[in-house]
Amino acid sequence: MLSPDLVETLLRQALKGGADFAEIYAERSRRRRMIVRSGRLEEAISGLDYGAGLRLFFGTEVVYAYTNQLTREGLLEALETLLRAKGALGQVDERGAGGLDFRKALPKGLHTPRTPYGEKDKRYRLERLLEAEAGARIAPEIRQVEASLQEWEQEVLIANTEGTWAEEKRVRTRLFVLAVAQDGTEVQTGYAAPGKSVGLELFDLFPPKEVGAKAARQALTNLRAKPAPAGTMPVVVGNAFGGVIFHEALGHLLETTSVAKKASVLADKLGDEVASPAVTYIDDGTLSHAWGSTEVDDEGRPTERTVLIERGILKSYMVDRLGHLLTGYPMTGSGRRQDYTFAPTSRMRNTFIAPGDKEVEDLIASVEFGLYAKELGGGQVKPGSGEYNFAVQEGYIIRHGRLEEPVRGAMLVGKGPETIRKVVAVAKDWENAPGMCGSLSGMVPVEVGQPHVLVSEIVVGGRA
């Protein structure tokens, strides 16, 4: 995308202007989306975006500019804007006199797709979406189905004044199915949305017909469900997307974005017991083909497996470059951004509770009366404290150690740092699920996950 000579010129000019550190992030992204609704193709669009961001550090003060003019003139103009903002334009610092010795790391291809986008045409994609739509038509009560495919191909280059030169091609594919069930005036929905850092082999990993049927079954279950009870009770939280509670209400508290500002209740807690001994909590950017995995982060550092909490003890935070400078904690390859229009911050990648040694059946059997939150939906979290409320997308009453009637309308309410202390048992069936996470550096792909976990008590909001 950019020649080494041009990159070196820009970085040296930044050092001449007095910057302690300078970084260039260049990107070319292609996105495609196709939507089928009730058997008809409703949308098929694609777009190409490209640009670059320049970031300069003056101590712990950071200035950032971006441009989609990837010419020498356009990039120099962006750099001059930053130096002018610092009153450093025209200064000559001797640190910019020497050359830069870039250490170019060749991509390992850890997440290379098996079926690249170019191998299949639009008709192939349309046929798979129609399969998903047909797969959801499992009962007369299914009145509407929407199936969509999102594809994302991103090429990045990150270079900095420490000699880093990292390039990577990232490919992600995700299939969405939304099913609407209706019986008289009652309307309920079901949803399924698998995604991976793969190409169109996603359809082999998650057959579209099965994805559609999963969404429809959830909609039909909710259609016959009774109103959920309210009160404080034991809750068995399902695996995969069940981990969204701890992603939102715990994981964000462990990013130096909040830790460095003392805006997290878990700041300055390294070495303390912050969770149940049953809990080991991990953020891993190296998982093969996971939705949130990359070979390098958006600061050019190799991604890592970071054990955040080990058997209840806080071991690490997620640390980007600025977070490192502000706190002194070692960097963990956690610098991420939505695209070149954002400066990176510390962000989660694939974050999950590690598997335990219990069987799911044993967790349920140990509950006299409680809730099985099989699938979670949307929710809200209060930054800093981790106070949360999350909707239960699919839930069941547990009575005398057995799953009983489905219920709807349940909300889980609590504080992440308190809830993680009340995890009394963790099953073996670890699974992750994809999602999009928003924070200071925009929306980034992440995975959330866990095995089934038993929480001794959570406040459940309901209508019964």
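The values are calculated or read from the model by the stated rules, or taken from the named source; none is laboratory data. It should be emphasised that the depicted structure is a prediction, and the values quoted were computed from it without experimental measurement. Quick reminder, even Gly has a Cβ in these numbers, built from the backbone with ideal geometry, and neighbours come from all protein chains shown. Heads up: the accessible areas ignore ligands, DNA and RNA and are worked out on the full protein's heavy atoms, side chains in. Shrake-Rupley method; radii C 1.70, N 1.55, O 1.52, S 1.80 Å.
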Using the Cα gyration tensor of the stretch 377-435, with a ≥ b ≥ c the square roots of its eigenvalues, what is the shape: rounded (a/c below 1.5), prolate (a/b larger than b/c) or oblate (neither)? prolate
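Multiply the residue separation of Leu326 and Ile45 by 0.36 nm, subtract the distance between their alpha-carbon atoms, and state the gained length in nm to one decimal. It would help to have the intermediate numbers written out before the result.
Details: separation 281, 0.36 × 281 = 101.16 nm, distance 4.27 nm.
Result for the pair: 96.9 nm of gain on full extension.
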Inter-site label distance for Thr112 and Asp204 at 7 Å from Cα along Cβ, in nm: 1.5 nm
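I need to check one value: relative contact order of the stretch 231-461, counting alpha carbon pairs closer than 8 Å and at least 6 residues apart, in percent. Mind dumping the intermediate values first?
Details: 664 pairs, mean separation 70.7, N = 231.
Value for the stretch 231-461: 31 percent.
Are there trypsin sites (Lys or Arg not before Pro) in the stretch 152-181 that DSSP puts in a loop and that have at most 10 other Cβ atoms within 10 Å, and which ones? Present the calculation step by step, with values, prior to reporting the outcome.
Values: sites: Lys169, Arg170, Arg172, Arg174; in loops: none.
Sparse-neighbourhood loop trypsin sites (Lys or Arg not before Pro): none present.
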Hey, if you put +1 on the Cβ of every Lys and Arg and -1 on every Asp and Glu Cβ in the chain, which of Tyr396, Gly184, Phe203 ends up farthest toward the positive end of that dipole? Gly184
What whole-number distance in Å separates the alpha-carbon centres of the stretch 411-464 and the stretch 256-289? 14 Å
Identify which of the listed values of mean projected area of the Cα convex hull in nm² was calculated from the structure shown: (i) 22.8; (ii) 20.1; (iii) 21.7. (i)
Assuming 0.36 nm per residue, please report the length gained on full extension of the stretch Ala365 to Leu440 beyond their Cα-Cα distance. 22.8 nm
Counting only protein heavy atoms and rolling a 1.4 Å probe, one gets per residue an accessible area for the stretch 333-422 in Å² of 39 Å²
Excluding residues fewer than 8 positions from Lys86 in its own chain, the lysines with Cα under 25 Å of it are Lys16, Lys261
Gln380 neighbourhood, Cβ < 14 Å, K/R = +1, D/E = -1, net charge 0
At 7 Å along the Cα-to-beta-carbon direction for both Leu126 and Glu387, put a label point, then send me their distance in nm to one decimal. 5.1 nm
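Greater than 24 Å separation of Cα atoms is the criterion. Which listed pairs, Lys196/Lys226; Lys262/Lys415; Lys169/Lys196; Lys120/Lys374; Lys269/Lys415; Lys358/Lys422, meet it? It would help to have the intermediate numbers written out before the result.
Numbers: Lys196/Lys226 35 Å; Lys262/Lys415 18 Å; Lys169/Lys196 14 Å; Lys120/Lys374 36 Å; Lys269/Lys415 17 Å; Lys358/Lys422 16 Å.
Pairs exceeding 24 Å: Lys196/Lys226; Lys120/Lys374.
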Ignoring any ligand, DNA or RNA, what whole percent of the accessible area of the chain comes from carbon and sulfur when the probe is 1.4 angstrom? 49 percent
Run the numbers for Glu186 and Ala105: contour at 0.36 nm per residue of separation, minus the present Cα-Cα distance, in nm. 23.4 nm
